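The values are calculated or read from the model by the stated rules, or taken from the named source; none is laboratory data. Bear in mind the structure is a predicted one, so any value in this text is a computation, not a measurement. Neighbour counts run over all protein chains shown; Cβ positions are idealised from the backbone, glycine included.
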Amino acid sequence: MRAKEKILLAAERLFAERGFGVSLREIAVAADQRNHSAVQYHFGDKAALIDALYSYRMTPLNRRRGELIESLRAHGLERDLPALIEAYVAPLAEHVLAHRGTSWYVRFTSRYVLSGSYRSWPYSRDHHPGVNELVGLISACLPGLTRERLRVLSLHIVVVLADVEQRLDAPEFEEAEAVAAMADLRRTALAILTAPGGR
């Protein structure tokens, strides 16, 4: 594994576990870099490191979400809310299952969103073209859908999947349990969108 990837994975884990006060030196040590300035050498500063981490994880997730959106359009399902929820949830859910014990990405994302850092680091939105497109399609299905309801939807999906990702670290938590939790997530996400008062 290349040094840059080791640094990204170490940063993802430390940010997920301890928040964004983690120093670049600590990340370098966790990534087994003898040069404690390795993070600055490869990425510059913490904001650029986080940007690179989003790019690293979001590139395949966006590709997958793009495939799902294309399939929706091909089958005339652009106004089918369950299908839209599936396209929203599936890439992250698939990532969590496929990277058991090797990814802290959803926990990192959960920590990032809840930290309020997205307000001062606006580039994160640029990494979510598929999500942005789905939000547009969902909003077209539900005229008057509020920004707050969409925020609750996003938080619900991210936090629940972060919890599943964490539980998968335990050997006794079986994949079937994770799949069941993700199926329930799809149902509750749809309920959030359609519950009264969000429009």
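Is it true that T109 is of a type in the set (S, T, Y), under 21 Å from D163 (Cβ atoms) and without any contact (Cβ under 8 Å) to a residue 60 or more places away in the chain?
yes
Which of the residues that make up the stretch 33-76 are in a loop (DSSP other than H, G, I, E, B) and either closer than 14 Å to P91 by Cβ or at pLDDT 90 or above (or both)?
Correct list: G44, D45, H75, G76.
If you scan the stretch 1-10, which residues turn out to be surrounded by 15 or more Cβ atoms within 10 Å (Cβ to Cβ) and part of a loop (DSSP other than H, G, I, E, B)? Explain how you work it out, then say what you get.
Start the filter on the stretch 1-10 by keeping residues that are surrounded by 15 or more Cβ atoms within 10 Å (Cβ to Cβ), which leaves 3-4, 6-10.
Hits for the stretch 1-10: nothing passes.
Consider E94 carefully, then state whether it is surrounded by fewer than 18 Cβ atoms within 10 Å (Cβ to Cβ), touching a Lys or Arg at 6+ places or on another chain (Cβ under 9 Å), at pLDDT below 95 and of a type in the set (D, E).
no
Restricting to the stretch 154-180, name every residue that is crowded, with 19+ Cβ neighbours inside 10 Å, of a type outside the set (D, E) and in a helix (DSSP H, G or I).
Across the stretch 154-180, the qualifying residues are I157, V158, V160, L161, A162, V164, A178.
Taking S23 as the residue in question, decide whether it is in contact (Cβ under 8 Å) with a residue 60 or more places away in the chain and on the phi < 0 side of the Ramachandran plot.
The answer is no for S23.
For residues in the stretch 11-25 being among the aliphatic types (A, V, I, L, M) and surrounded by 21 or more Cβ atoms within 10 Å (Cβ to Cβ), which is nearest to the chain's Cα centre (by Cα)? Outline the logic, then answer.
Residues of the stretch 11-25 among the aliphatic types (A, V, I, L, M): 11, 14, 16, 22, 24.
With the extra rule that they be surrounded by 21 or more Cβ atoms within 10 Å (Cβ to Cβ), the set shrinks to 11, 14, 16.
Values: A11: 15, L14: 16, A16: 12 Å.
Selected residue: A16.
From the residues in the stretch 26-59 that are free of Cβ contacts under 8 Å to residues at least 40 places away in the same chain and of a type in the set (D, E, K, R), which one is surrounded by the most Cβ atoms within 10 Å (Cβ to Cβ)?
K46
What residue, of R64, R73, R34, R79, is farther than 30 Å from C141 by Cβ and of a type in the set (D, E, K, R)?
Details: R64 fails: farther than 30 Å from C141 by Cβ; R73 fails: farther than 30 Å from C141 by Cβ; R79 fails: farther than 30 Å from C141 by Cβ.
Of R64, R73, R34, R79, the one residue that is farther than 30 Å from C141 by Cβ and of a type in the set (D, E, K, R) is R34.
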